[in-house]
Amino acid sequence: MKHTISVIVENKPGVLHRVSGLFSRRGFNIESLAVGTTEKPDVSRITIVAEGDDQTLEQIIKQLYKQIDVLKVFDLPADQAIERELALIKVHANDKTRQEVTQIVDMFQARVVDVAEDSLTIEVSAEKDKVENMQKLLEKFGIQELVRTGKIALQRGG
């Protein structure tokens, strides 16, 4: 079963290594990992998507709370979270294909962030499935480069 776990930590060197190490030692494969500072510059949020059973997840959460730099840990069920992924996709585009690529960009409410003579670089921020669907539609033009952030998530409501 896939789990999205949000870990609020002090923004210090070595914290990410210790947190991710707990997952690997317990046999959880980390599918996605995103880290960034929060509204407080001395606090970071680590969003981890990992696969494993509920009992193992419970043990990992207990172990995380034993880490000195961990402030808060919670499982984020998909129905209780707002989830997004960011991707930058550079595709081949020429005079013949540029309009069709732009139509796909508009359809996904993405945006073109760089225009070159033979390519367009597109930024898309959406749920994982939408990012993947856009990527599939752009493949026929030839993807030159692609980078994705992994999932970030916040709990819905107050």
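The values are calculated or read from the model by the stated rules, or taken from the named source; none is laboratory data. Bear in mind that the values here come from a model prediction, so they are computed numbers and not experimental data. Cβ coordinates were reconstructed from backbone atoms using ideal geometry, including for glycine residues, and neighbour counts include every protein chain displayed.
Pick from Ala34, Ala50, Ala81: which is modelled with pLDDT under 90 and of a type in the set (Gly, Ala, Ser)?
Exactly one of Ala34, Ala50, Ala81 is modelled with pLDDT under 90 and of a type in the set (Gly, Ala, Ser), namely Ala50.
Among what's in the stretch 12-57 and is under 14 Å from the mean Cα position of the chain (by Cα) and among the small types (Gly, Ala, Ser), pick the residue that is farthest from Ile152 (Cα to Cα).
Once the filter is applied, the top-ranked residue is Ala50.
The conditions are (1) modelled with pLDDT under 95; (2) under 20 Å from the mean Cα position of the chain (by Cα), and Val9 fails exactly one of them. Which is it?
(1)
Please specify each residue of the stretch 18-35 satisfying the condition of being buried (at least 16 other Cβ atoms within 10 Å of the Cβ) and among the aliphatic types (A, V, I, L, M).
Listed by number, the residues that qualify are Val19, Leu22, Leu33, Ala34, Val35.
For the stretch 43-158, give me every one of the helices (runs of 4 or more DSSP H) that falls completely inside it and has 2 or more residues that are of a type in the set (Lys, Arg).
Those helices (runs of 4 or more DSSP H) span 128-138.
Identify the single condition in (1) under 18 Å from Thr149 (Cβ atoms); (2) among the polar types (S, T, N, Q); (3) not assigned by TED's automatic domain parsing to the domain that holds Pro13 that Ser44 does not satisfy, given that it satisfies every other one.
The single condition Ser44 does not satisfy is (3).
In contact with a helix residue (DSSP H, G or I) (Cβ under 9 Å, 6 or more places away or on another chain) and closer than 22 Å to Thr38 by Cα: which single residue out of Val91, Val70 fits that description?
Going through Val91, Val70 in turn, the sole match is Val70.
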